[in-house]
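Inspection log for the structure reproduced underneath, given as structure tokens.
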Amino acid sequence: MATAEGRERALDLYRRASEFSDPRLRAPALLGMGLMALRLDRPAEALAAFEAAADVVDGGVARDQARFMKAEALLALGREAEAVAAASAMIGSGADAAWSSEALFWMGRRQFNAGDFAAAEASFSDYVVKWPQAAKADSAMLLAAQAQFHRGRYDAAIETAAALVAAHPGSRCVPAAEFTHAEALCELLQFDAALLLFDAVVKS
């Protein structure tokens, strides 16, 4: 699967497996077809496969992942509004937690990158409340702190950055959180405290 030829072979195998009536085989096979098509830069084909997988009754986690990947395929096709709608439908829908959380994180990143920091803060804060032990919880906290900083909510940014360091001391997000914390202190004219943090970041 590391080459285009290998992905074409995998796509063919998934296509053959998708012909089985058992939903436990059909949904993952259709999902695999979509993933391979996306890697082959064929988003329209990927979208069709993801939509088919999402329609498989009793398709399990593969069905939920396909619903999420539908947003990625739509985005690749330039259909951004539909991609956002697809991701939004996953949030709070009772889907598998892993993919519901992924959809919420995806939404937060889109909002952050678009400069809608109020919406991004809300999305990332909601993520942390719902999935505090998730693999991306530290990243969500960092992005929430940065969104708060961009909004001029410096005290909130400091609180969120400090909470990240306390909750995830070994995280790779810690230096960026401490930097955001220091920047917020500068905005509040607390330069001595900020310099101590900047120094710690440089030495880390």
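The values are calculated or read from the model by the stated rules, or taken from the named source; none is laboratory data. All of these numbers come straight from a predicted model, not from anything done at the bench. Neighbour counts are summed over all protein chains in view; Cβ atoms, including those assigned to glycine, are modelled from backbone coordinates with ideal geometry. Calculation scope for accessible area: heavy atoms of the full protein, side chains included, ligands and nucleic acids excluded. Shrake-Rupley method; radii C 1.70, N 1.55, O 1.52, S 1.80 Å.
Subtracting the Cα-Cα distance of residue 85 and residue 58 from 0.36 nm times their residue separation leaves 7.4 nm of extension gain. Taking the protein heavy atoms of the chain in the context of the full set of protein chains, the accessible area attributed to carbon and sulfur is 55 percent at 1.4 Å.
Calculated accessible area for region 1-76 comes out at 54 Å² per residue, all protein chains present (probe 1.4 Å; ligands, DNA, RNA ignored). Here's the picture: charge each Lys and Arg Cβ at +1 and each Asp and Glu Cβ at -1 in region 83-177, and of 162, 132, 115 the one pushed furthest to the positive end of that dipole is 115.
Principal-axis analysis of the Cα atoms of the chain puts helix 117-130 at an angle of about 80° to the longest axis. On the beta carbon distance between residue 191 and residue 76, with R0 = 45 Å, the FRET formula returns roughly 0.45.
The calculated FRET efficiency for residue 16 paired with residue 129, based on their beta-carbon distance and R0 = 41 Å, is about 0.40. Placing a label point 7 Å from the Cα of residue 97 along the Cα-to-Cβ direction, the residues of region 127-153 whose backbone N falls under 19 Å of that point are 127-141. Look at (1) 1.41; (2) 1.24; (3) 0.95: the one that is Cα Rg over 2.2 N^0.38 Å derived from this structure is (2). How far is helix 60-76 tilted, in degrees, relative to the longest principal axis of the Cα atoms in the chain, given as a value from 0 to 90 rounded to the nearest 10? That helix lies at roughly 70 degrees to the long axis. Against the chain, whose longest principal axis comes from its Cα atoms, helix 191-203 is set at around 50 degrees.
When only the Cβ of Lys, Arg, Asp and Glu is charged (+1, +1, -1, -1), the dipole of the chain relative to its Cα centre reaches about 480 debye.
With contacts taken as Cα pairs under 8 Å and at least 6 residues apart, region 13-107 reaches a relative contact order of 20 percent.
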